[in-house]
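A quick write-up on the structure given underneath.
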Amino acid sequence: MSTESLPAADVFARGCPSRPVLQNITGRWGVLILAALVDDAHRFAELHRRVDGVSERMLSQTLRTLERDGLVHRAVLGTVPPHVEYSLTDLGRRITAPLLGLVEVVEGSIPEIVAAQRDYDRSH
């Protein structure tokens, strides 16, 4: 199917191809991996250390998914032993930029969020 024959994207439509991509980006690890790659390319082990708590299996699976979506580039370097680096594509940078704003707002709002959670937990 060519891109010219695709209907306009509508994330609220059940069959829209934007839905699974949005899930890949905003899932548990997608945002963190994209944010970790924003400043520089990283090898797998570096990403594994940076994204605390992600398993190697889930990191690998998420990187593959983000690569398939065109957001991450996987480069095999011609070294001995071979090294693999991951970086954001231009599309990945475009999509990650607003995500970083969200991350900053969440981090800056943690005192209010924790207070709201405490209030909620006390009343329920």
Quiz item: Applying the selection to the stretch 29-38, what residues are within 19 Å of V105 (Cβ to Cβ) and either in contact with a Cys (Cβ under 8 Å, 6 or more places away or on another chain) or part of a loop (DSSP other than H, G, I, E, B) (or both)?
Solution: V38
Exercise. Please give the number of the condition R19 fails out of (1) surrounded by 11 or more Cβ atoms within 10 Å (Cβ to Cβ); (2) touching a strand residue (DSSP E or B) at 6+ places or on another chain (Cβ under 8 Å).
Key: (2)
Quiz item: From the list V76, V114, which one is exposed (fewer than 13 other Cβ atoms within 10 Å of the Cβ) and in contact with a Pro (Cβ under 9 Å, 6 or more places away or on another chain)?
Solution: V76
Self-check item: Residue among V72, V51 that alone is among the aliphatic types (A, V, I, L, M) and within 18 Å of R94 (Cα to Cα)
Solution: V72
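Looking at A75, A9, A35, can you tell me which residue is aliphatic (A, V, I, L, M), over 14 Å from the mean Cα position of the chain (by Cα) and at pLDDT 95 or above?
None of the others qualify; the one that does is A75.
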Practice problem: Mind listing whichever residues of the stretch 59-83 are small (G, A, S) and not in a helix (DSSP H, G or I)? | Solution: G70, A75, G78
Quiz item: How do the pairs read when you match residues in the stretch 86-110 that are without any contact (Cβ under 8 Å) to a residue 40 or more places away in the chain and closer than 25 Å to H73 by Cβ with residues anywhere that are of a type in the set (A, V, I, L, M) and buried (at least 16 other Cβ atoms within 10 Å of the Cβ), using Cβ under 7 Å and keeping only pairs 6 or more apart or on different chains?
Solution: T89/L71; T89/V72; L91/L71
Quiz item: In the stretch 84-93, which residue that is among the charged types (D, E, K, R) and outside any strand (DSSP E or B) is nearest to the chain's Cα centre (by Cα)?
Solution: R93
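Looking at S87, S60, which is the one that is within 14 Å of L37 (Cα to Cα) and either of a type outside the set (D, E) or surrounded by 13 or more Cβ atoms within 10 Å (Cβ to Cβ) (or both)?
On the way: S60 fails: within 14 Å of L37 (Cα to Cα).
Of the residues listed, the single one that is within 14 Å of L37 (Cα to Cα) and either of a type outside the set (D, E) or surrounded by 13 or more Cβ atoms within 10 Å (Cβ to Cβ) (or both) is S87.
The values are calculated or read from the model by the stated rules, or taken from the named source; none is laboratory data. Small disclaimer: the values here were computed from a predicted structure and weren't measured. When we count neighbours, we look across all protein chains shown, and the Cβ atoms used for this are built from the backbone with ideal geometry, even at glycine.
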